[in-house]
Amino acid sequence: MTDEKNKAAAKAAEAVEAEAETVSADAPTEIELTEDELQALCRDRICPQCPVGAEAEDVRLRSLAELDNARKRMEKEKNDFRKYATEKVLADLLPVVDNLDLALMHTPEAEACKNFVMGVDMTRKAFLDMLANNGLVPVGEVGEEFTPERHEAMGQDERDDIDEGLVTQVVQRGYLLNGRLLRPAKTMVSKKPE
């Protein structure tokens, strides 16, 4: 098909040159070309007014833009995969941290348990450091403002001594993984008495 178009373009170019040689410089010239010959000539020369050339340039630019968008999308997906690949493992480790917190909260003050409690506390701190090195950040502190994006209200505390809508107790700490909420903090929220 392209050979035929090339032949048609070559014929058209030859016809134009032959007509130009035979017609004198003073006589007005008018060349008769078929639609196929005109398009073939236009494609060869790609004149600025030709809609075929403009259409081809538009298709080329759209294809380049689509390719660039696909490359950017793949790069973003790859970065997100790297960033959140550990999400499942870290979520499975959170109950271990919760149990260490509970163990420290309910330890007796007896002198005989002092070394045991210190060992549990050191284990908890080492574990939290390892989680922080992997992008895990704790969420939920007493006194901070309750936000539904990061907190889950377990109940309300009626209190006069603090403003309404503040966290009064953290039942279970929440965590962010690289800025994305992994688990909301379960909290009690202050409320003015009625």
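Below is a table of values for the structure above.
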read-out: Tabulated pairs, segment 92-116, first over 17 Å from ASN134 (Cβ atoms), second assigned to a loop (DSSP other than H, G, I, E, B) and modelled with pLDDT under 90, C-beta under 9 angstrom, 6+ apart or interchain; value: CYS113/THR107; PHE116/THR107
read-out: Test: residue in segment 161-173 that is over 11 Å from MET188 (Cα atoms), in contact with an Asp or Glu (Cβ under 8 Å, 6 or more places away or on another chain) and crowded, with 17+ Cβ neighbours inside 10 Å; value: yes
read-out: Residue within segment 120-136 that is assigned to a strand (DSSP E or B) and at pLDDT 90 or above present; value: yes
read-out: Test: GLY135 is touching a residue at least 12 places away in the same chain (Cβ under 8 Å) and on the phi > 0 side of the Ramachandran plot; value: yes
read-out: Condition check for PHE146: in contact (Cβ under 8 Å) with a residue 40 or more places away in the chain, in the same structural domain as ASN99 (by TED's automatic domain parsing), within 29 Å of THR86 (Cβ to Cβ) and among the aromatic types (Phe, Trp, Tyr); value: yes
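The values are calculated or read from the model by the stated rules, or taken from the named source; none is laboratory data. Owing to the predicted nature of the structure, the values given are computational and were not obtained by experimental measurement. Cβ atoms come from the backbone with ideal geometry, glycine included; neighbour counts cover every protein chain shown.
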